[in-house]
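Asks: Questions regarding the structure given below will be posed in turn.
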Amino acid sequence: MRCQNKRRAPHKKLRRAFAYIRFSGGGQSLFRTLKDVEEAPLSSYFGFPPPPNKLCVTVIYIPLMLFGLLGNILTILVVWLRPHMRTSTYLYLSSMAVSDLLILLLLPLDLYKLWRPRPWPLGDLACKLTMFLSECCTFCTILHITFLSLERYLAVCWPITAKTVVTRRRTRAIIGCLWLSAAVSAAPVLVMVGVEDGGGLDGSSNEGRGGETDKRECRCTHFAISSGLLSAMMILSNLYFLVPLCILGVVYSLIGRTLWLRPKSSRRDQSHRNTVKMLGVIVLAFVLCWLPFHRLPSPQLDTYAPPDTHLYFLYYLSQYFNLVSSVLFYLSAAVNPLLYNLMSARYRHAVRSLIRTQSHAQARRMHTLTVHHSTTTL
């Protein structure tokens, strides 16, 4: 009987682990899964190699965060300090850069939760706000890509209408509405997450383990799981991905058809082609990076299933899948400035101009300080 209880323990933990369904708010679910595997390692039961460790995740994330912060800050500065870059397209892209910047600024908290998941040091309000902000920025990025593509559809397929409909003032108003819509859609997260006693996967408190006494975690609450709020939020998250994906497919098919049938001699059409190519690559990167987050839920394990069932192997593989999907999530927030630089000559020239201007301004300030110091000395 004692041996049988030991054998059932990992099944119960694994079954409870599958209850934590991913929704698209940052990488928190990855860190939850990694911690669960540390508490009930499959390698000790089934002879599998160890899952990805914390150091591996950290080594990947830190350069990604630094690169993304630099690129998105540069994009925001280029658009707002260069008047000729304030077109409707680049207004959308700069707002997307703000969203991506906020996502990357939350990454250190995810890393902190990876290395020290408990106790959560910032309180219940900070827990709710950080998760809400992550989900809000996720929705906001999707909406920006969708409306930017619709704006390009008007510019290419209905150019006369676009001249009267697409204006900077109207674009700024639409961007404000997109942020508001994303905030309203993410509002349930404020109820879904909070600081709760983590204990173990089987509900135990693990008292004395590692010298820890405070088990409070920033996590999805039991109320959200039992009430069905988490399931509803996952449906909303999937709709936020699938509906725009269908819209983008139709829009770019119509744009491609229109450009294909037109003569290629027009300079305006050539400009449209370059812009559409850049946006097409951005959309492709978006789909590839975010598709893993919208896979089907993991299967539930039977508590009394034999230990050699294939579900355990699938669960183990999901640890690596979660690692890849979370890396892709943050990669999507960091890669866009690189795509702009590779595919837009206008963006490259604006970046060079901004850097050159700042370098000259710094040199003039240094020269002024040197002359002033020399005059004072004399």
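The values are calculated or read from the model by the stated rules, or taken from the named source; none is laboratory data. Please read these numbers as outputs of a predicted model, since none were measured by experiment. Cβ: placed from backbone, ideal geometry, glycine included. Neighbour counts: every protein chain shown.
Asks: Would you confirm, using the coordinates I've provided, whether Leu111 is part of a helix (DSSP H, G or I), at pLDDT below 90 and either on the phi > 0 side of the Ramachandran plot or hydrophobic (A, V, I, L, M, F, W, C) (or both)? Break it down stepwise before answering.
Replies: Numbers: part of a helix (DSSP H, G or I): yes; at pLDDT below 90: yes; either on the phi > 0 side of the Ramachandran plot or hydrophobic (A, V, I, L, M, F, W, C) (or both): yes.
Criteria met by Leu111.
Asks: If I go through the stretch 332-345 residue by residue, how many of them are buried (at least 19 other Cβ atoms within 10 Å of the Cβ) and part of a helix (DSSP H, G or I)? Talk me through it step by step, then tell me what you get.
Replies: To start, the set of residues in the stretch 332-345 that are buried (at least 19 other Cβ atoms within 10 Å of the Cβ) comprises 332-337, 340, 344.
From the residues that got through so far, the ones that are part of a helix (DSSP H, G or I) too are 332-334, 336-337, 340.
Qualifying residue count, the stretch 332-345: 6.
Each row is one residue, and each column tells you yes or no for (1) at pLDDT below 60; (2) farther than 30 Å from Cys56 by Cα; (3) surrounded by 10 or more Cβ atoms within 10 Å (Cβ to Cβ).
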| position | (1), (2), (3) |
| --- | --- |
| Leu296 | yes, no, no |
| Tyr304 | yes, yes, no |
| Ser326 | no, no, yes |
| Arg352 | no, yes, yes |
| Ile355 | no, yes, yes |
| Gln362 | no, yes, yes |
| Met366 | no, yes, yes |
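Asks: So Cys137 ticks every box in (1) part of a helix (DSSP H, G or I); (2) of a type in the set (A, V, I, L, M, F, W, C); (3) over 22 Å from Asn336 (Cα atoms) but one. Which box is left unticked?
Replies: (3)
Asks: Just to check your reading of the model, which residue among Thr75, Thr89 is part of a helix (DSSP H, G or I), at pLDDT below 90 and among the β-branched types (Val, Ile, Thr)?
Replies: Going through Thr75, Thr89 in turn, just one is part of a helix (DSSP H, G or I), at pLDDT below 90 and among the β-branched types (Val, Ile, Thr): Thr89.
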